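Notes for the one structure printed next.
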């Protein structure tokens, strides 16, 4: 029985092919955007963990701290739990690094400033466990003589905020597009129902059950949703795979590992298929309830 | 078979189509339903296969209580009936055979479809036209296919709404012969018609409906209208 409904559904789909293409296209574009947003979201989670950890914690000491006191602070920090390494950069070293950064060409800019060096002494700290970076940074902040602690968390937070704005805009778009897709599907089904009204009439007269009459239209709607999900899924998975291979599995700028293709593909497929079918079924039901009075 | 008790039908637009119809149609009866256009003939016929619902009164068809029939059960009623129309209602893209088989397929019948369709086509004498599309058949042949479709499910009642309305007199008589044979094998036939010639020649019970009421109900009655 289901075989017949599926066959009829496919027949419907082919019979008014232009409307079908439009509906499938609408679902596909919607899910393409949604899928891309999801890929970013999945990886953003990953990123927030890795980038926060990889950025070192820069600890700036107060100006009045002497060399001896600085060594004491280094020892103290080193003895704190969860610390991997502490590197001390004195203000003189810091000045040299600054000189190098600026380069010989602009050397004059710094002129005789070395005498009046106002750079603070600095500790570069790395946590043993990357996820603990922020906690560690807070603990170091409490150590006397420490002026400012920069954990890199701000950078990550700013990036995450940006991504979440991006995601919200994406979701708003997707929501609007989903509604559009639903109406397009519903319209396609309406046309199918209209073009088969004679058959429907005869089916009713000879005693076909209501569900027997409804199924081919629902199948058609579900097929639209399914194909509309399968196309962007294929595009996104292939695109993601080639990106993954191209960058060697590591995001180039922030150097965090991308989620492997297999891990995102399953989640992506589940979400997109579910939404595609949902949109299809809902669009189908809208038309069936309105135009198929059985 | 068919039992109506004080049946009323009002349409939402205010038309009162039937005003207290009571009638009994027994097994293997052959009944003409006659009357002027707009007198309630169509409504009377449509109530029998639950195309319309009565506003008041009781209708029993093949044991189904039409007024209280749940929508879910309507298909079961329709499977116990065969319905034939003036405009044949064939599917243009299906052959004669496929049109008849369609009626079996959509009710989920799977067994012996081929044999049953052949039998039905044999009944109306069109086995040799099985693979022809309706557009290549004459009006009379198309109506025979429609009758075969109504018969294929072995109904106990055949309801026909002006089955000869689109056909010339000679063809009409051919169709009437088919109905007579159907009735001869014990199937009830209820036929709404405007065909004076047929009603007055092939004499059967006549139910005349005027202004929503039964004006006459005579065994071996006559037409008695000038249209």
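Quick notes
- The single residue among B:75, B:71 that is at the interface with chain A (Cβ under 8 Å from one of its Cβ atoms) and free of Cβ contacts under 8 Å to residues at least 24 places away in the same chain turns out to be B:71.
Okay, residues lined up against (1) modelled with pLDDT of 95 or more; (2) assigned to a helix (DSSP H, G or I):
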{"site": "B:38", "(1), (2)": "no, no"}
{"site": "B:52", "(1), (2)": "no, no"}
{"site": "B:73", "(1), (2)": "no, yes"}
{"site": "B:84", "(1), (2)": "yes, no"}
{"site": "B:93", "(1), (2)": "no, no"}
{"site": "B:100", "(1), (2)": "yes, yes"}
{"site": "B:108", "(1), (2)": "no, no"}
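- Single unsatisfied condition, residue B:122 versus (1) surrounded by fewer than 15 Cβ atoms within 10 Å (Cβ to Cβ); (2) more than 21 Å from the chain's Cα centre (by Cα): (2)
- Whichever residue in region B:174-188 is touching a residue at least 60 places away in the same chain (Cβ under 8 Å) and outside any helix (DSSP H, G or I) and, among such residues, is surrounded by the fewest Cβ atoms within 10 Å (Cβ to Cβ): B:186
- The number of residues in region B:1-34 being under 16 Å from the mean Cα position of the chain (by Cα) and assigned to a loop (DSSP other than H, G, I, E, B) comes to 5.
- Every residue from region B:55-66 that is surrounded by fewer than 22 Cβ atoms within 10 Å (Cβ to Cβ) and either within 9 Å of another protein chain (Cβ to nearest Cβ) or in contact with a strand residue (DSSP E or B) (Cβ under 6 Å, 6 or more places away or on another chain) (or both): B:55, B:56, B:57, B:58, B:60
- Within region B:122-138, not a single residue is under 24 Å from residue B:35 (Cβ atoms) and in a helix (DSSP H, G or I).
- Within the span defined as region A:215-236, every residue fails to be more than 19 Å from residue A:42 (Cα to Cα), loosely packed, with under 14 Cβ neighbours inside 10 Å, more than 16 Å from the chain's Cα centre (by Cα) and assigned by TED's automatic domain parsing to the domain that holds residue A:40.
- Filtering region A:184-214 to residues that are away from every other protein chain (no Cβ under 11 Å) and closer than 19 Å to residue A:7 by Cα leaves A:185, A:188, A:189, A:190, A:191, A:192, A:193, A:194, A:195, A:197, A:214.
- Comparison of A:146, A:174, A:165 shows that the only residue that is surrounded by 18 or more Cβ atoms within 10 Å (Cβ to Cβ), at pLDDT 80 or above and farther than 30 Å from residue A:216 by Cα is A:146.
- Of all residues in region B:16-37, none are crowded, with 18+ Cβ neighbours inside 10 Å, in contact with a helix residue (DSSP H, G or I) (Cβ under 8 Å, 6 or more places away or on another chain) and within 14 Å of chain A (Cβ to nearest Cβ).
The values are calculated or read from the model by the stated rules, or taken from the named source; none is laboratory data. Just so you know, these numbers come straight off a predicted model, no measurement behind them. Cβ coordinates were reconstructed from backbone atoms using ideal geometry, including for glycine residues, and neighbour counts include every protein chain displayed.
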